[in-house]
Amino acid sequence: MKNIITFHTCYALTIKVLKMFKLIIRYKIDYLDNFANNKKQRKYHFALLFYRKLY
């Protein structure tokens with residue numbers, strides 16, 4: 001029984017960490033997207049659109 005509980009907590013923690021990473025990545029992409037718009041770099045823009053579809 002104890003093993004099941006520890007496994008569950010570890011699983012929940014890993015999911016939380018993954019969600020945090022996803023948020024951080026999304027935030028960085030938004031930042032780079034603004035940068036690309038400011039610099040008018042179209043190559044960047046297409047790469048970011050591709051990334052946004054992944055997340």
First select every other residue whose beta carbon is under 14 angstrom from the beta carbon of Cys10; then total the charges, Lys and Arg +1, Asp and Glu -1. +2
If packing is taken as the average count of other Cβ atoms within 10 Å, what order do 3-10, 21-28 fall into, highest mean first? 21-28, 3-10
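No value in this document is a laboratory result; all are computed from the given coordinates. Only a predicted model underlies this, so the values are computations on that prediction, with no experimental measurement involved. Cβ coordinates were reconstructed from backbone atoms using ideal geometry, including for glycine residues, and neighbour counts include every protein chain displayed.
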